[in-house]
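These notes concern the structure reproduced below.
Read-outs: derived from the displayed coordinates by stated rules, not from any lab. Because the structure is predicted, anything quoted here is derived from the model rather than measured. Don't worry about glycine lacking a Cβ; one is built from the backbone with ideal geometry, like all the others, and counts go over all protein chains shown.
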Amino acid sequence: MIVLHEKIDVDRPRREAFAYIQDFTTTAEWDPVTSSARKLTSGPVAVGTRFALNCDLPLGSLDLEYTVTHLEPGSLLELQGRSRLFDVTDTIHFSDVGGGCRIDYRASFALKGPLKHLRPALEPGMNAMGRRSVEGMRAALQDDFPPPVAGRGTRRADHWVLPGVALFTAAGYRRGQRGRWNPMSAWVGDKHMVITGASSGLGYATALELARAGAALTLVIRDERKAESLLNSLRRETGNDKIHLELADLSVMAEVDALVRRLHRRGEAIDVLINNAGALFNDWEQTNEGLEQSFALLTLSPYRLTNGLRPLLEKTPAPRVINVVSGGMYTQSLDVSQLQASARGYRGAVAYARAKRALMVLTEHWAEEWADKGIVVNAMHPGWADTPGVESSLPGFHKLTRRFLRDPAQGADTIVWLARATEAGKVSGQLFLDREPRTTHLLASTRETPEQRQALLDYLEGVDAQCHTASGHTTSTPDPSPA
Ligand SMILES: NC(=O)c1ccc[n+]([C@@H]2O[C@H](COP(=O)([O-])OP(=O)(O)OC[C@H]3O[C@@H](n4cnc5c(N)ncnc54)[C@H](OP(=O)(O)O)[C@@H]3O)[C@@H](O)[C@H]2O)c1
């Protein structure tokens, strides 16, 4: 038997440290030898939860399966690990010290087969590994990472355009993940986040991760028939019962306004607003309010929703807005006269890309405008992810590229990171992919002028005012009385 025993003190409340460590998939973030970790069982972490880890050891790659054998919330976690080379029992005690927490970590290894005879030779190396591991845990919980900057390789890839676009695939996600991401231990158990379009694809994957992390969620969906199964599945998977649903067709401004009024009536401050709902419309259509639908859903709706919810965002100490745009916007410049496409010569992908370009410009504008209010506004694009939206709107592209697409969780990863990671709150007005700031223009020809940006703001203000007049409501100064 080899016993490693380390103690560290971290400047985090005990429940936060426990919440982070009990999800043993986080070992891939803090243990230098763990190359990947995943949860094998569904539901919240409890006795019986199993995790599969892969470790890169000097002896080679090793698969381990861990099972939680004892769990006392906030104070004790015990796991049994099995592998072909050894069995291990990890016992982790958490206690209060000062304003922080002490973590007492003991790992008892029972070596198997010929390794038993190598114990004296192995022990010093294993001890050093144990020390590196708890130091990684300390850094993860210290959570004091610098603001994100684009790496040189990424800037070069973007400069040459095609390598930059190649990073939209799952290979881009794997490249980003390989040892370059900081641990994400920020506590969100006291945060309220609003996610639009949470019924499928990236929105669902985002909701799942943030619910797992303990945030209170308001999920905006438009289809009442999906409500029950959505709630059941999130609660079953995460054990989180702080999930609230709101119904709204976000391409209809009257419904956006009604949603804003309902959220104001509830009065719950919003820490994070995620404007994710979206669709690519292959056929031209106007909404019943006379708006071209791509513009209505992808630009005007987040404009109106974000402005309407700003007072609730301002109630929190460090609010964040996350706009989900698209790599498609790289193909289009900002042209307000084309923002609401006409039926003649309509091309869905172009209308979609223009609407997302406008949302990117809005992101930069809000970031600047609201900096003094402490509201952080960023955009992300997910690369290419295999979601119901992509399959139905781009069937040819989907069939051709399916093997290279990200899964929804990989596509949503940067949304989750922008919502949760401490360092993501240190930058504003940027576009991200794989947790890295990215250029907003791959081609010089798509760059807009200050006049074009101002034209967008004037245009949105004008259309917005018309919608206000039509609906007879104002959302930026909400009516406190029930509507
Ligand atoms: N997947 C990609 O590769 C990719 C690439 C670039 C950008 N994006 C962007 O990522 C976001 C999520 O897309 P996704 O790929 O996850 O697609 P998805 O699977 O189709 O999910 C889109 C979500 O938006 C909701 N939605 C659509 N129209 C709505 C409306 N009028 N009112 C309220 N909700 C509405 C959908 O609700 P229903 O379930 O009722 O349809 C669904 O929940 C979108 O903004 C999309 O433009 C995705």
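Centroid-to-centroid, using Cα positions, segment 34-64 and segment 89-166 are 14 Å apart. Among the trypsin sites (Lys or Arg not before Pro) within segment 239-346, those in coil by DSSP and having at most 11 neighbouring Cβ atoms inside 10 Å are Arg344. Its relative contact order, with pairs defined as Cα atoms under 8 Å and 6+ residues apart, puts segment 344-459 at 29 percent. Where both bridge residues fall in the chain, DSSP classifies roughly 70% of the beta bridges as antiparallel. Peptide packing: for 57-63, 26-32, 272-278, the average count of neighbouring Cβ atoms within 10 Å per residue gives the ranking 272-278, 26-32, 57-63, highest mean first.
The long axis of helix 348-369 is offset from the longest Cα principal axis of the chain by roughly 80 degrees. Loop-located chymotrypsin sites (Phe, Trp or Tyr not before Pro) across segment 50-86 with a Cβ neighbour count of 12 or fewer within 10 Å are lacking, with loop assigned by DSSP. Remark: the chain carries a charge dipole of roughly 1340 debye about the Cα centre, counting +1 on each Lys and Arg Cβ and -1 on each Asp and Glu Cβ. Considering only alpha-carbon pairs that sit under 8 angstrom and 6 or more positions apart, the relative contact order computed for the chain is 15 percent. Rounded to the nearest 0.05, the FRET efficiency derived from the C-beta distance between Glu391 and Ser42 at R0 = 30 Å is 0.80. In this rough spin-label picture, where each label sits 7 Å from Cα along the Cβ direction, the Ala269-Arg15 distance is 1.7 nm. For the cross-link pairs Lys7/Lys426; Lys242/Lys426; Lys7/Lys39; Lys315/Lys426; Lys39/Lys226, the ones whose C-alpha atoms lie over 23 Å apart are Lys7/Lys426; Lys242/Lys426; Lys7/Lys39; Lys39/Lys226.
Pair-distance distribution of segment 49-108: all C-alpha pairs, bin width 5 Å, starting at 0; shares per bin in whole percent are 4, 17, 23, 21, 14, 11, 7, 2, 0.
The C-alpha atoms of the chain define a longest principal axis, and helix 408-420 lies at about 90 degrees to it. Here segment 28-93 is assigned +1 on the Cβ of each Lys and Arg and -1 on the Cβ of each Asp and Glu. Its dipole about the Cα centre then comes out at about 220 debye.
Suppose R0 equals 25 Å. What FRET efficiency, 1/(1 + (r/R0)^6) with r the Cβ-Cβ distance, do Asn232 and Ala52 give to the nearest 0.05? Computed FRET efficiency for Asn232 and Ala52 comes out at 0.45. Sparse packing (at most 15 other Cβ atoms within 10 Å of the Cβ) combined with a DSSP loop state is found for the following trypsin sites (Lys or Arg not before Pro) in segment 89-169: Lys112. For segment 190-253 versus segment 326-341, the inter-centroid distance based on Cα atoms is 29 Å.
The long axis of helix 170-180 is offset from the longest Cα principal axis of the chain by roughly 50 degrees. Each distinct pair of alpha carbons in the chain adds a 1/r term; the inverse of their mean, the Kirkwood radius, is 24.0 Å.
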